[in-house]
Amino acid sequence: MSNKNSSNAIIFENILFGFGEQIILNDVSFSVKPGETIVLMGGSGTGKSTTLKLVLGLLKPESGHLFVDGENITDFTESKMMAVRKKIGMIFQEGALFDSLNVFENVGFRLFEQGASENDVEHIVRQMLKFVNLEDAIYKMPSELSGGMRRRVGIARALVGKPKIILYDEPTAGLDPPTARTIIELAMKLRDLEGVSSIFVTHRIQDAQQLASEYVTIDEKGEIVVRKDEKAASSRTKFIMLKQGKVIFSGSGRELWESPDPYIKNFLL
Amino acid sequence: MNLAIKIVFETQEATLMVWRSALGLVRRPFYIRETINQMDIVGVGSLPIAMLAAFFIGAVLALQTASTLQAFGAQNYTGRLVATSLVRELGPVLTCILLAGRIGSGIAAELGSMKVSEQIDAMRALGTDPLRKLVLPRIIALVVMSPTLTVFANVVGTIGGLVISLTLLHIPASVYNTSARDALNYHDIFGGLLKPVVFGFIIAVVGCRCGLRTQGGTVGVGRSTTQSVVMSILLILISDFFLTKLIIALGPTGQF
């Protein structure tokens, strides 16, 4: 048991969660291996965002066990969870940037809270903004940014402190296709170059296809390139489909496309 | 959920919120900059409106009481009536009702918007406790600044009464001042400062709790804001009665 727990980044073990009478997650079990991306799919209200909030300890399961980086966090108090959250970066649906702070203060929030000096913070923030290609926006306020830029700032903020685990909550929802592609490429960079474990919640089939068929590597000239290689990509990407709070599918991209399940077929149309 | 259960549940949640944020008083990190910023918003920001309101309240009190007192040939006691009414009752209550409208609603709206746009969750996800960073500075700011503003309001209100006494009622300033000074004792001043401390606490706790429990998007934010103002004002008026009873019981005469 302990071996299994320490060799996985996240484990859901028979998790049950509900709001009052309404059951959101019903006996959900799955695991995320280190360096692996789980693409969590399903219609609206099937418990995808709830799954991410459980990992962060923002919500507590009613029964079952939840392991993050080898620790059983099921009964962790808020103060104990604070330490676990340092290992996790979360990208929220609309970015969830702090309105009263500019991009620099938003991205450097975690470091400012830890008492880091402004110079140190600025160095790291510029690095992170370079990664998401938004260096010019450093002193802008969130209200001055477009939807795509807000998500990218959200990604930069989640990456500060080099978390081992990243959770994406529909980061491409409502974005135009090129911007959505940029966001997926950032997720692939983190998966393939940084070895980050992640859960990627989405209901956009294009995101799933891209994550299952493309990977990022560094070519001979030292440049980052995107290559099409289903085998390489799928070795690091697994798909889980939720329906009414239950896992109805778990497997590779190929298995998902070929699934005979009518719900999945309808979803992938 | 019926009303009784709702009241018990909300009291429990508010108590837990206060307790958890109070832990921030003794454990790091301390949010001194946020606290000073909130004090600036609550204190300096509300000072002009609190003083303006107090001036006219003092003036109206002088006008209203003088005509009644005149019937008994006692208009020289106008200062006494204005000062005691202001220090004991109207200064704390009206200043804090203004604060409930200006600051309490602002807190509920700000925290409510942060809640519905997932900023509160984002803050927790980034390892910061929103109760310590957002709630505690607001409680401290209101508990400290409410009595401070009340003192200003009392002084300006008494001056408002003095202006009316001098100009319209033709009572000499020395008579007004002596009558006001003679009427007040330390017990009144203690009571007049205890009340705004409690009221400030009520405004902060209700505002923060209404904000943090917001659900249902922008409509929810509007609902929380209204609820916070209504609830704060009601609780201020209810607690005012019990506080007055307590202050009188603790007073030199100890009657009632």
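The values are calculated or read from the model by the stated rules, or taken from the named source; none is laboratory data. In this text, all values refer to a predicted model and were calculated from it rather than measured experimentally. Counting neighbours? That spans all protein chains shown, and the Cβs are built from the backbone with ideal geometry, glycine included. Note: areas computed on protein heavy atoms with side chains; ligands, DNA, RNA excluded. Shrake-Rupley method; radii C 1.70, N 1.55, O 1.52, S 1.80 Å.
Only a single criterion out of (1) small (Gly, Ala, Ser); (2) more than 15 Å from the chain's Cα centre (by Cα); (3) in a helix (DSSP H, G or I) is not satisfied by A:GLY115, namely (3).
The residue pairs whose first member lies in the stretch B:198-218 and is under 17 Å from B:SER117 (Cβ atoms), whose second member is assigned to a loop (DSSP other than H, G, I, E, B) and at pLDDT 95 or above, and whose beta carbons are closer than 8 Å, counting only pairs six or more residues apart or on different chains, do not exist in this structure. Residues in the stretch A:152-203 that are within 14 Å of chain B (Cβ to nearest Cβ), closer than 19 Å to A:SER44 by Cα and more than 10 Å from the chain's Cα centre (by Cα): 1 in all. All of A:LEU40, A:LEU66, A:LEU54 fail the test of being modelled with pLDDT of 90 or more, touching an Asp or Glu at 6+ places or on another chain (Cβ under 8 Å) and not in a loop (DSSP other than H, G, I, E, B), apart from A:LEU66.
Checking the conditions here, which among B:GLY217, B:GLY211 is over 18 Å from B:ARG138 (Cα atoms) and open to solvent by less than 40 Å² (accessible area, probe 1.4 Å)? I'd like the intermediate steps shown before the answer.
Values: B:GLY211 fails: over 18 Å from B:ARG138 (Cα atoms).
Answer to the selection: B:GLY217.
Looking only at the stretch A:93-116, residues that are in contact with a Leu (Cβ under 9 Å, 6 or more places away or on another chain) and within 8 Å of another protein chain (Cβ to nearest Cβ) come to 4 in all.
Of these, B:ILE57, B:ILE103, B:ILE97, B:ILE41, which one is within 14 Å of chain A (Cβ to nearest Cβ), aliphatic (A, V, I, L, M), in a helix (DSSP H, G or I) and at negative phi? Lay out the reasoning, then the answer.
Details: B:ILE57 fails: within 14 Å of chain A (Cβ to nearest Cβ); B:ILE103 fails: within 14 Å of chain A (Cβ to nearest Cβ); B:ILE97 fails: within 14 Å of chain A (Cβ to nearest Cβ).
Exactly one residue qualifies, and that residue is B:ILE41.
Taking the stretch A:248-262, which residues are aromatic (Phe, Trp, Tyr) and part of a strand (DSSP E or B)?
Keep residues of the stretch A:248-262 that are aromatic (Phe, Trp, Tyr), which gives A:249, A:257.
Within the stretch A:248-262, just A:PHE249 meets the criteria.
Residues in the stretch A:195-247 that are assigned to a loop (DSSP other than H, G, I, E, B) and open to solvent by less than 40 Å² (accessible area, probe 1.4 Å): A:VAL196, A:THR202, A:ASP219, A:GLY245.
When each of B:VAL155, B:VAL143 is tested for being touching a Phe, Trp or Tyr at 6+ places or on another chain (Cβ under 6 Å) and either modelled with pLDDT of 95 or more or crowded, with 19+ Cβ neighbours inside 10 Å (or both), the lone residue that passes is B:VAL143.
Assessment of the stretch A:60-68 against the conditions (at the interface with another protein chain (Cβ under 10 Å from one of its Cβ atoms) and among the hydrophobic types (A, V, I, L, M, F, W, C)) yields no matching residue. In the stretch A:54-96, which residue that is β-branched (Val, Ile, Thr) and more than 22 Å from A:PHE109 (Cα to Cα) is surrounded by the fewest Cβ atoms within 10 Å (Cβ to Cβ)? This residue is A:THR77. Being open to solvent by 30 Å² or more (accessible area, probe 1.4 Å), within 30 Å of B:ALA59 (Cβ to Cβ) and at pLDDT below 95 holds for only one residue in B:LEU246, B:LEU250, B:LEU169, and it is B:LEU169.
For the structure I just gave you, tell me whether B:ALA122 is out of contact with any Asp or Glu (no Cβ under 7 Å at 6 or more places or on another chain), within 14 Å of chain A (Cβ to nearest Cβ) and open to solvent by less than 10 Å² (accessible area, probe 1.4 Å). Working first, answer last.
Working: out of contact with any Asp or Glu (no Cβ under 7 Å at 6 or more places or on another chain): yes; within 14 Å of chain A (Cβ to nearest Cβ): yes; open to solvent by less than 10 Å² (accessible area, probe 1.4 Å): yes.
Criteria met by B:ALA122.
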